[in-house]
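Trainee: Let me begin by handing over the structure; questions about it come next.
The values are calculated or read from the model by the stated rules, or taken from the named source; none is laboratory data. Everything quoted here is computed from the prediction, not taken from an experiment. Note that each Cβ is placed from the backbone with ideal geometry, even for glycine, and that neighbours are counted across all protein chains shown. Please note that ligands, DNA and RNA were not included when accessible areas were found on the heavy atoms of the full protein model with its side chains. Shrake-Rupley method; radii C 1.70, N 1.55, O 1.52, S 1.80 Å.
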Amino acid sequence: MWPVPRLSRTLIVVVAALPVVCVLLNHWLSMRGGYIPSCIPYLEGCTSISSTGRHGLSYWLFKAMMLPQAIVLTIFWLALQVHLKALGQPTVWMVRAGIAGAVFLVLYTVFLGSSGDIYRLMRRYGVFVFFLGTLFAQIIATRRLSGSSAYQKSTLPSVQKLLLGSMLLLALAEVPLGQFGLEDDAAENVIEWNFSLLMQLWFASWLLSPQADRRLSAR
């Protein structure tokens, strides 16, 4: 029987930091290799996140770091399920959405850098379901956390709501770009980079939980 994972600070740090380290390192390598322009992507949007993992060493490094991230994500959602169940909060849809996002992260990572219409379609579906599933799981988790008496005096729910609200505003900001003929690759890239960063900050926010290192078992 598999051991029940716990929501440890080590797990939180890894799941939050690994993608950020990955894309920043790949961005630096791709700039040095001349594959992408030199800029600050969070402010200038000169390239997309995907473009940082398409060429040279970054092609292999992206896969070497993001495939394990999918596993870490799965462990995180299972650990969070145990944590929230111990607080009397249901988490079925959170886990389903979170693990679906992790599975499609694998699909996106495997086919990133491959040429052809089928591979392009697989990447688009992969990244779309990854972001949608992860965001949905985060929203559910924050709602469950807000409903727990154990966190009534904690700043964690408020911080997570602020992060989620900022992510939703960024998502809404991208709608006019695609729907009203205002396509701007740089603007879309800025939104993508900052949305991804906010998503990872949501994971990091669990470090504010005073119960993150306690072994909680489901009731």
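Trainee: Is there any pair with a first residue in the range 26-54 that is within 15 Å of residue 66 (Cβ to Cβ) and among the charged types (D, E, K, R) and a second that is open to solvent by 30 Å² or more (accessible area, probe 1.4 Å) and modelled with pLDDT under 90 whose Cβ atoms are under 7 Å apart and which are 6 or more apart or on different chains, and what are they?
Mentor: Note: pairs meeting the criteria are 54/113.
Trainee: Please go through (1) open to solvent by less than 50 Å² (accessible area, probe 1.4 Å); (2) within 21 Å of residue 126 (Cα to Cα) for residue 75 and return the number of the only condition it doesn't satisfy.
Mentor: Answer for residue 75: the failing condition is (1).
Trainee: Of the conditions (1) surrounded by fewer than 18 Cβ atoms within 10 Å (Cβ to Cβ); (2) touching a Leu at 6+ places or on another chain (Cβ under 7 Å), residue 64 fails just one. Which one is it?
Mentor: (2)
Trainee: Restricting to the range 26-47, count the residues that are part of a helix (DSSP H, G or I) and either buried (at least 17 other Cβ atoms within 10 Å of the Cβ) or in contact with a strand residue (DSSP E or B) (Cβ under 8 Å, 6 or more places away or on another chain) (or both).
Mentor: The total comes to 6.
Trainee: Separate question: Could you grab me the full set of residues in the range 143-164 that are open to solvent by less than 30 Å² (accessible area, probe 1.4 Å) and modelled with pLDDT of 95 or more?
Mentor: Result: 160, 163, 164.
Trainee: Another one. Restricting to the range 98-114, give me the number of residues that are open to solvent by 10 Å² or more (accessible area, probe 1.4 Å) and in a helix (DSSP H, G or I).
Mentor: Number satisfying all stated conditions: 9.
Trainee: Additional query: Scan the range 1-22 residue by residue and report those that are open to solvent by 20 Å² or more (accessible area, probe 1.4 Å) and assigned to a helix (DSSP H, G or I).
Mentor: Within the range 1-22, 9, 10, 11, 13, 14, 17, 18, 20, 21 meet the criteria.
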